[in-house]
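Down below is the structure, laid out as structure tokens.
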Amino acid sequence: MANTAYEAFLELGDFHGKERQELLPRWIEAATRLGLTEKDVEYAVNEFIPEMWDLQYLGIRKMIGAMTLEAIDHAHLKEHKANGVKLVYGIIPAILTPYQAVKKAGGDKVFVSFPDMCIMNFLQPLFHKGAPLFELAETSGLTYGCRHCALNKLRIGLRLRDVVPAPHVQWSFGLVCDEATKVDEYINCLYDDEWFAVITRMPHDTMMGEVDDEIPERVAYLANAFRDAYEEVQRVTGVTVKEEHIAGALDDFQRYLMKTDVLIRAVADADPQPLRGSALVNFCHPFSMPFNTGIEHMEDALDTMIEEVKAEVAAGRGIYPKGAPKVGSYFVPYAVPWVDKVFMDNGVATASSLTMIASDKQLIPPSGNDLYQNIAEQWLRMVFGMGCHVEIDTWIEKVNRAKPDALFMGFFDYDRWLGQMHKMGARAVEKATGVPTFYIEADFFDDRDYSREALRTRIESISQVIKMRQAAKANAALRAAAPAVAAPIAGAEGTA
Amino acid sequence: MDDATRELAQLATDRPAVLRDLKAAGKKIVPYIGHFVPEPLLYAAGVEPYLICRGGEPEPPEAVLDDMLRFLNPLARSMAGFHLMGLDPVLPLADLIVASQPECHTQRMAEYLELQGFPVFKVGIPPNWDRAYAGEYYFTELEQLKAKLEELTGKPIADEAVREYIGYFNQINALLRRIDALRKKDAPPLGGYDFIHLNHQSFFVEPQVAIEKLTAIADSLEGAPGKFAAKSPRILLAGHAVAVGDYLMMKGLEDAGAVIVTEMMDEGMQWYRWDTAVEGDPLRNLWRAKYLDKVPVNIFQPAWKVRFEHMKELIADYRVDGVVWYQLMYDEIYDMECTVVTKWLREMKVPLLKLETSYEYSREATGPLNTKIESFVESLRRGR
Amino acid sequence: MSDALDSATAAPGSTGAALFAGVDIGSTTTKAVVVDGAGTVLGFTIIDTKHDRDESGEEALAGALASAGKTDADLTLVASTGYGRRSFKRTQKVLPEIVCHARGTEHLHPGVKTIIDVGGQDSKIIAVGDYGTVEMFEMNDRCAAGTGRFFEVLSRRLLSVPMEELGPLALRSTKPVFLSSVCTVFAESEIISHLSAGTPAEDIALGILESMAKRVVSIGRQAHIDYRQPVVLTGGIALNVAAARAFADQLGMDVVLLENPQMPAALGVALIALDDLVAEASAGPTYP
């Protein structure tokens, strides 16, 4: 039985008995370092987490536990460094295989992570407590609000608060994003001249009609960029990555991918839907950030979740009403589960995602034998990695396959390069697929400047439109089948 | 204003009409974006180049908001917005737009133009300038640009022609340096407002004409009396770009009694401090001059420490009293650099004023702008 | 000019003593000060700025003269500052307000190192050097969240409490609300939610003040302005008794309040006009 909020939080994350007791002191220390008071933890345990996450599932609780273990590990980065562990950081978006391979090669001698992603996805969706770190970055010189990406602010804030010490090497994939890699230079110039970064960037020049992974110079450039940076990472850490480590990382990736695919399909195809989209996103975190504590805890959570979802589906149970419309998105925004909740409150399910569904191209394995060439090709087929027009074409392909009742784009206002693509792409997708597409001006990491009420109103309106269209479609189908039906289905009158 | 200055200004203004006539006569019109596009190559190809870098008005950035994110810088949005409003006389004439792509704002703007139906050739600029593979990528881009121009015109581009135009642009650079050096005087005969006009106008006339006019202007200015008092506060203007047409801020500074004696801008001005080698492979020379042999632009990495060393040199050479950082709204990497520069200048005890613009110059906006400018100039004056 | 100098430097109260007037025409209020040749404040008035800024300047000046027991005929020189400084037809010297603000505040509180000014429409942070010179300054950009307008809109409108009672109300709070919104528009919506939830008005009032103080202080921090003591709070917000506490909490240091926190800019322009006159006459450093 939990005596304190801290213990209650660990219970919630499926830590019990001796395991909980042993973890407790490190957890309390971590919470303090991350800026969480006991009141914050109490609020999370009693109100926020139960409202945002389906705690009736052991899989969800185990997932929270896995994220907690990773956050605790991060809060003790200074100790790791003092003990001689080499710190290797990265940022999103990135292909994880090379990072995971460094961890496999170096074991406990290296700490491999994306600290900002880990802490952001712990503090915001579980405690809604990212803002103090954003503000710390802002009051220390970075212009407030919409001028900069909140993930970068959090990175600066973590450095300023001395939670995250300078790494031995930060390997930043800027690729299409300009700001993220400049944050390394910013931290180095302003706060910490030990902050050493190697940068992998990609010129922004794919022309309309070109396909990135089919341009040899582009693939070669990126392969060289990866090789160049990776050799530096190995040199600095003293870790030599061998074929078997890469193969191991790829095996982990493939295995985890197959399992998440099972979960995502089971959820997306189910009616009623048994799980929220934001939960699916969290289970996909091992694709967007390395877990220094290993993916076994997340994988255990995933295995449990799959069994629970299968059981719910078999029993015809769900957390949404039967027949609830399903809305797709780029990905259900990571760190703002309240967005998902508003859809849920309006009887609309979020599940299908343009990032979690693979395009046909993405299912083709890379063509060559050279590791870096393969990574480059893989990257250039991914979302984020492609030119705008190619990526929008893949969105159209995926929407035609998943056939959501509607699509919402947006939530990338402060992530300029991606936000712009969403704005342009929303129209193109709707025109090409006929799926109503709504663009929402908001930011998925920083919700300070967006009125919760205005967002609620917007999502309620979208949900109403979706349901009205769904009803109209059903009504039209019924009329086509049986023209003599007298009474229209409720809500179908006056539809758009 | 002397005759040469007046004529240069008029010729620049008349350029769109001239391009219309040239197009009717069969010439290819190639508007271009960004200074990584080598003008000598365009001229040598026999096409008619025209720099797209217009800004300073509030409506064009707003005009594109149906399809462009509000949180992109106003210059990128303006470049597309003027066209959308029917106010760009040159883009509709374009046979090809060449867009250098160093950062995401111009990238997304170029994609928007593609969606509008324009043929856009993109020149990718890898930011890792200290890496050989990155430099070679840009060189390959220049080779592809050359091939594209040859395809457009149906004629090969001779190395000799490129060398000839490199020579002309070196002459333009030398003339701009000659004029610029006059700002080192105690009582300069021109300030930044006039100098940037000369820069902008030089983009819109043929290089031989620019040489003729700038020579006359330089001759005239060398003998001219000071336009600014000897004790006017001396300003270095730094940032991303002063767009063609965006002159309110510069005029405000000099009307308040300061003189802008030097600039450190990545776009919107000729990179006149650095010449291109003439002998040898001209394409390789252009590559070198633009990519390596100059102070890096902000997006390059690493860049800020090198850029600050250059800023310090300018402060010493031009006896600068204060720095004005001109910030385009939402230009995130320049905003970050400003924070770093603010700290470093503070340590040097050099005053800095940061001015952010969204090109909105309503009465409500110009009041605070004038207060900031006048207060800064006044504080420099009294602090001397 | 030397007659004016003689008048200016004549002993205060003597028949030859002159008067310098400084008029600060702001967007919300217009202030006027009259000083003698020694810089002693003889009269001060503040009025709401009218549509006609010249008229506002005249009215304020008349009020200041009346409070000093003087008339127009006694004036040696009139100087103006503030947004409406050029609209004042009779001005003989125009100066931007930041330098005036620094000079005036230094006169009222010698040794000031940092000035935080929160007016109706803008906020300023000024790092002050010796003799009231400006070392650095920063102003808010167009966001209203760091201005008196933020406080006025949210407090007065939503809490329906007169402005002069908002400070005492805020002081009664022991548990101010935390406002996450930086933007005035969304903060309004957040406050309505608090009101609906029954949060006490004093907690909301203090929460608004703290939010505004945080925003204003961060303006200076973004510009790398060190907040050195003494820190003086000026502008209309300084009339709010809880404001100093909110700023002190943000800064972690004491904040000084002036008896007349809206006087500095008007006083400063008058003093600078006097300084310049003396400097010119004595062939000291001249300013173009």
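Below, the figures for the structure above:
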quantity: Degrees separating the helix B:332-348 axis from the principal Cα axis of chain B, which is the longest one; calculated: 40
quantity: Links that overshoot a 28 Å alpha carbon limit, given the list A:LYS153/B:LYS290; A:LYS182/B:LYS312; B:LYS354/C:LYS214; B:LYS227/C:LYS31; calculated: A:LYS153/B:LYS290; B:LYS227/C:LYS31
quantity: Size of electric dipole in segment B:3-157: Cβ of Lys, Arg +1 and of Asp, Glu -1, about Cα centre, debye, nearest 20; calculated: 200
quantity: Label-point separation, A:ASP360 to B:ASP21 (7 Å along Cα→Cβ), nm; calculated: 5.4
quantity: Overall form of segment B:3-157 per C-alpha gyration tensor (a/c, 1.5; a/b vs b/c); calculated: oblate
quantity: Loop-located trypsin sites (Lys or Arg not before Pro) in segment A:228-276, at most 12 other Cβ atoms within 10 Å (DSSP); calculated: A:LYS242
quantity: Residue mean of other protein chain beta carbons inside 10 Å, B:368-374; calculated: 6
quantity: Angle in degrees between helix B:104-115 and the longest Cα principal axis of chain B, rounded to the nearest 10; calculated: 40
quantity: Charge-dipole axis of chain B as Lys and Arg at +1 and Asp and Glu at -1 on Cβ define it, positive-most pick from B:LEU355, B:MET109, B:ALA134; calculated: B:LEU355
quantity: Per-residue ³J(HN,Hα) for segment B:27-34, Karplus 6.51 cos²θ - 1.76 cosθ + 1.60, θ = phi - 60°, Hz, x for Gly and Pro; calculated: 6, 8, 9, 10, x, 9, 10, x
quantity: Euclidean distance of C-alpha centroids, segment A:435-463 and segment A:237-258, integer Å; calculated: 39
quantity: Chain A: relative contact order as a whole-number percent, Cα under 8 Å and 6+ apart; calculated: 15
quantity: Candidates per trypsin sites (Lys or Arg not before Pro) in segment C:218-288, loop by DSSP, up to 14 other Cβ within 10 Å; calculated: C:ARG228
quantity: Phi-based couplings in Hz for segment C:194-211 (Karplus 6.51, -1.76, 1.60; Gly and Pro marked x); calculated: 5, 4, 4, 7, x, 5, x, 4, 5, 5, 5, 4, 5, x, 5, 4, 5, 5
quantity: Sparse-neighbour loop sites [chymotrypsin sites (Phe, Trp or Tyr not before Pro); segment B:48-86; at most 15 other C-beta within 10 Å; DSSP]; calculated: none
quantity: Two-site label geometry, A:ARG235 and C:ARG228: point separation in nm, points 7 Å out along Cα→Cβ; calculated: 4.5
quantity: Size of charge dipole - segment B:228-360 - debye, nearest 20, with Cβ of Lys, Arg +1 and Asp, Glu -1, no other charges; calculated: 500
quantity: Shape category assigned to segment A:287-353 from the gyration tensor of Cα positions, a/c cut at 1.5; calculated: oblate
quantity: Segment C:171-279 shape via C-alpha gyration tensor axes, a/c threshold 1.5; calculated: prolate
quantity: Which of C:VAL161, B:SER78, A:PHE291, positive extreme of dipole for the protein assembly as shown (C-beta unit charges); calculated: C:VAL161
quantity: With Cα atoms, 0 to 90° folded angle of helix B:363-383 axis to chain B main axis; calculated: 60
quantity: Where Rh is the Kirkwood radius over Cα pairs, Rg/Rh for the protein assembly as shown; calculated: 0.99
quantity: Averaged over C:216-228, number of beta-carbon atoms from partner chains that fall within 10 Å; calculated: 4
quantity: Of B:LYS305/B:LYS372; A:LYS129/C:LYS124; A:LYS62/A:LYS86; A:LYS129/B:LYS343; A:LYS259/A:LYS310, those spanning more than 21 Å from alpha-carbon to alpha-carbon; calculated: B:LYS305/B:LYS372; A:LYS129/C:LYS124; A:LYS62/A:LYS86; A:LYS129/B:LYS343
quantity: DSSP H segments from chain A that extend 27 Å or more along their own axis, Cα-based, with Kyte-Doolittle mean of -1.0 or above; calculated: A:216-237, A:243-269, A:296-315, A:452-481
quantity: Amide H contacts of B:GLU356 (H built 1.01 Å from N, under 5 Å, at least 5 apart or other chain); calculated: B:GLN327
quantity: Two-site FRET efficiency, C:SER67 against C:THR133, from Cβ-Cβ distance with R₀ of 25 Å, rounded to 0.05; calculated: 0.25
quantity: Scattering curve values for chain B, log₁₀ I(q)/I(0), Debye with Cα scatterers, q = 0.14 Å⁻¹; calculated: -1.34
quantity: Residues in segment A:81-107 reached by a label modelled at A:LYS242 [backbone nitrogen below 19 Å; 7 Å Cα→Cβ]; calculated: A:98-107
quantity: Cα convex hull of chain A, projected area averaged across orientations, nm²; calculated: 24.1
quantity: Segment B:3-157: relative contact order in percent, alpha carbon pairs under 8 Å with at least 6 residues between; calculated: 22
quantity: Relative contact order of chain B, pairs being alpha-carbon contacts under 8 Å that are 6 or more residues apart, as %; calculated: 19
quantity: Projected label distance in nm at B:LYS294 and B:LYS349, using a 7 Å step from Cα toward the beta-carbon; calculated: 3.5
quantity: Rounded to whole Hz, the Karplus (6.51, -1.76, 1.60) HN-Hα couplings of segment A:39-44, x for glycine and proline; calculated: 4, 4, 5, 4, 4, 5
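Just so you know, all these numbers are worked out from the coordinates, no wet-lab data involved. Being a predicted model, the structure only gives us computed values, none of them experimental. Cβ coordinates were reconstructed from backbone atoms using ideal geometry, including for glycine residues, and neighbour counts include every protein chain displayed.
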